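Some notes on the structure that comes next.
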Amino acid sequence: MSLLKKIKKRLKNLFGFKSHPTKQGEKGIKQVGHRKYVGGLWEEIGRLQYDFLIKNGLKPTDVFVDIACGSLRAGVHLIPYLNQGNYLGIDKEKSLIDLGLKHEFDPKIIDSKSPEFVISKRFDFSKFSKTPNVAIAQSLFTHLPPNLINLCFKNLKLNFKSDGVFYATYFFANQKINNPKKPHDHGVFKYTPEEIKGFGIQNGWDVEIIGDWGHPRNQKIVKYTLQ
């Protein structure tokens, strides 16, 4: 065994996890843990989302859907804030949600606030018992090809209040690039402002590019409302 491999093995034994996942899904989550799998910067990005949403009018009475909620980096702030049953979380990885609930919450908060979760790879918002009027997809479209981004917009429109608002983040590109054809939890997908507007417009959404919002990795935020 090489010295580098010995060091990595020693670090894994000491700290339990690798610094970066080399696999997706369950295996990747086991490698690095529920916080690092969603990108780390746990408190910073969770608080950023909460502060942004409150600044832009989120009220406890709103029904909010956290798209790709993961291990509840934003949920730790939003579930206590929203009225009972008004936090909806959707993600393709059940274990991320389970680990977030187990390690990041006092069970009394979950019992009193009754957040609702759906496990879906195809954005099946119809499974929720309530219809949201506020949504965010933070660091989701940065990992998806256009067909899945369009699917998200299409399905959300069918299960969203007509006066609602949807925020989504992107890595901006100055010119169109050849993104990967398949989604990847740790890949980087970039889109031009024209493409970003197109995702909304072709699926029945009006678009406002807000841009900078203090994201530590320079993701930009965009506001969508139904036409």
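Answer yes or no as to whether residue 215 is in contact (Cβ under 8 Å) with a residue 12 or more places away in the chain, closer than 30 Å to residue 31 by Cα and surrounded by fewer than 16 Cβ atoms within 10 Å (Cβ to Cβ).
Criteria not met by residue 215.
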Only one of 117, 171 is touching a Gly at 6+ places or on another chain (Cβ under 7 Å), surrounded by 14 or more Cβ atoms within 10 Å (Cβ to Cβ) and aromatic (Phe, Trp, Tyr). Can you tell me which? 117
Lone qualifier among 181, 190, 176, 157 - being farther than 24 Å from residue 50 by Cβ and touching a Ser or Thr at 6+ places or on another chain (Cβ under 6 Å): 176
Determine if segment 153-167 includes at least one residue that is out of contact with any strand residue (DSSP E or B) (no Cβ under 8 Å at 6 or more places or on another chain), over 30 Å from residue 60 (Cβ atoms) and not in a loop (DSSP other than H, G, I, E, B). no
Across segment 122-158, which residue is surrounded by the most Cβ atoms within 10 Å (Cβ to Cβ) among those that are more than 19 Å from residue 182 (Cβ to Cβ) and touching a Lys or Arg at 6+ places or on another chain (Cβ under 9 Å)? 138
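Checking the condition over 13 Å from the mean Cα position of the chain (by Cα) and modelled with pLDDT of 95 or more, which residue from 72, 99, 82, 88 passes? Lay out the reasoning, then the answer.
Details: 72 fails: over 13 Å from the mean Cα position of the chain (by Cα); 99 fails: modelled with pLDDT of 95 or more; 88 fails: over 13 Å from the mean Cα position of the chain (by Cα).
Checking each option against the conditions leaves just 82.
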Criterion (buried (at least 19 other Cβ atoms within 10 Å of the Cβ), among the aliphatic types (A, V, I, L, M), in a helix (DSSP H, G or I) and touching a residue at least 60 places away in the same chain (Cβ under 8 Å)) met by exactly one of 99, 58: 99
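The values are calculated or read from the model by the stated rules, or taken from the named source; none is laboratory data. Nothing here was measured: the structure is a model prediction, and the numbers come from that model. Positions of Cβ are generated from backbone atoms using ideal geometry, with glycine treated the same way; all protein chains shown enter the neighbour counts.
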